[in-house]
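The structure appears below as structure tokens.
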Amino acid sequence: YLLDKSDKYDSRDVERLQQDDKWVENYLIWRHDVVDDALKMIDVSFQWRKEYTVNDLTESVLPKWLFEIGSLFLHGYDKEGYKLFWFRVKHHTRDPKQQLEKKKLVAFWLEHYAKRDHGKPLTVVFDMAETGISHIDLDFVRFIVNCFTDYYPNFLTKIVIFEMPWIMNAAFKIVKGWLGPDAISMLKFTNKSDVQEYISGEYLPPHMGGTDSFKYSYPPLVDDDFQTPLCENGPITSEDEHESKEEIDTDTKETGELNEEQNVNQKKMNSIEQISKSEETDKTEFKPKNAKKALTTFKGPLLHISPAEELYFGSKETGEKKCLIVLTNVTKNIVAFKVRTTAPEKYRVKPSNSSCEPGTSLDIIVSLHGGFAASLQDRFLIMAAEMDQSSGAGVPELTQFWKEVPRTKVMEHRLRCHVIESSKPSSLTLKENAFNIPAKTNEDLHIQLTHLLQINKRLQEQIDHCLWFQQLSVVLSLLSVTVVAFCFYL
């Protein structure tokens, strides 16, 4: 394919394919480990990626009105912890002149999320409330379906269709024909009474029976849940388990108000000496328990972050309430960083707003507060930006720095939470805890099973090869004995 069509591929995609085993694996998984089918899908998707200039799609190259409409955006999570990709059908109008730009908006969101969360699958929500014939656009729907079936491998968990009008039944019979048997099983037709089987009320708008107060607006770019709510936990001086919930709520509200930023910074200055002592104590107690959980590292241009994707917390049964994030500055300058979370009432992050010296590592301790439990929907955002050597690294300097630094110079990396359930026998749980082995997700187990099947297939081929040689050797030996016997007889 590469020799015949190299001019039809983006060289960046080819380079990534040669280096990113996970990407290759997703193509194989989506095509049931049939190599020829996986190659054909890679060929089709690579040609499409170049045609749509996917690697160069940014917020600045797309028309502003596309984002202002609010028909497509990412927001919230389903009950399995997968990101929701919303298509508000009532805001979409069929216009052949605008079709290409609207398709590029779909590609922009999918590529934006794929790069940000390393290809973790999405759940697509077709919100068809208040729609009619004027909103039917089968060509656009087909494009969205093709993105998941042909261009983005192993990227779809399910398609939740909310309140599809009866007049569209015929149209969706056509859509089913495009999906194929595997994807058809992912279709979930819902209404207000049963949509919460797949998505909890906290991420559903009121017209779908939920309590999510989120309202789409642009700008800024609505790309995750760090806009609403947008909160930050400042360092605290103690881990008082008896702190009242009223005090926690008050702190949470204060952090959400822009005019309180100076008060928070003043609080940080007053408690900085106590923090350094308590951090040393926490690290001493905490490192041995979690030293083996940081098995992977995200290698960013400013910071290397470990773990790369997930923070492992225990359930209420396992009781593990702390995690460690290790930041390593790989630049020649001081790097300022901030840590934000979507659940500020649950977590304490120490430090949450500080700086890291060139070539050094810094530990951030994330701990669950009080009786709260971690959730798959909880997320953390690490923001980092390079500072001049002449700049100070105190709290006032950092506050001013974050006000002035351009968004384009800020590195962002997201971490999700993983909850380790203790559903195994106690002896087995103790052994696993002793070695600090994190629980495997279904995706991890599927990948490992795929590896084992491939290894088993290779071993079977080797055994067959050996048996063939063995049989050949027996036949040759019998022939040799026959020839020798015949010679003696003569």
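As a quick test, which of the pairs K104/K188; K79/K299; K115/K158; K64/K409 have an alpha carbon distance above 24 angstrom in this structure?
Violating the 24 Å limit, Cα to Cα: K104/K188; K79/K299.
What's the Cα-based Rg to Rh of the range 11-52, Rh via Kirkwood?
Ratio of gyration radius to Kirkwood radius for the range 11-52: 0.96.
So what J values fall out for the range 333-342 if you push phi through Karplus, 6.51 cos²θ - 1.76 cosθ + 1.60 with θ = phi - 60°, rounded to Hz, Gly and Pro as x?
Taking θ as phi minus 60°, the curve returns 10, 5, 10, 7, 9, 10, 10, 10, 9, 7 Hz for the range 333-342.
Past 19 Å, Cα to Cα, is the threshold; run K22/K120; K83/K403; K120/K321; K83/K120; K120/K346; K83/K215 against it and keep the listed order.
K83/K403; K120/K321; K120/K346
Can you give the accessible area of Y113 in Å² (nearest 10), computed on protein heavy atoms with a 1.4 Å probe?
For Y113, solvent-accessible area is about 0 Å².
Which of rounded, prolate or oblate describes the range 57-208 when judged by the alpha-carbon gyration tensor and an a/c cut-off of 1.5?
Here the range 57-208 falls in the rounded category.
Would you rank H369, H465 by solvent-accessible area, highest first, keeping every protein chain in place and using a 1.4 Å probe?
H465, H369
Note down the accessible area of Y151, probe 1.4 Å, to the nearest 10 Å².
40
The values are calculated or read from the model by the stated rules, or taken from the named source; none is laboratory data. Quantities reported herein were computed from a predicted structural model and do not represent experimental measurements. For accessibility, only protein heavy atoms count, side chains too; no ligands or nucleic acids. Shrake-Rupley method; radii C 1.70, N 1.55, O 1.52, S 1.80 Å.
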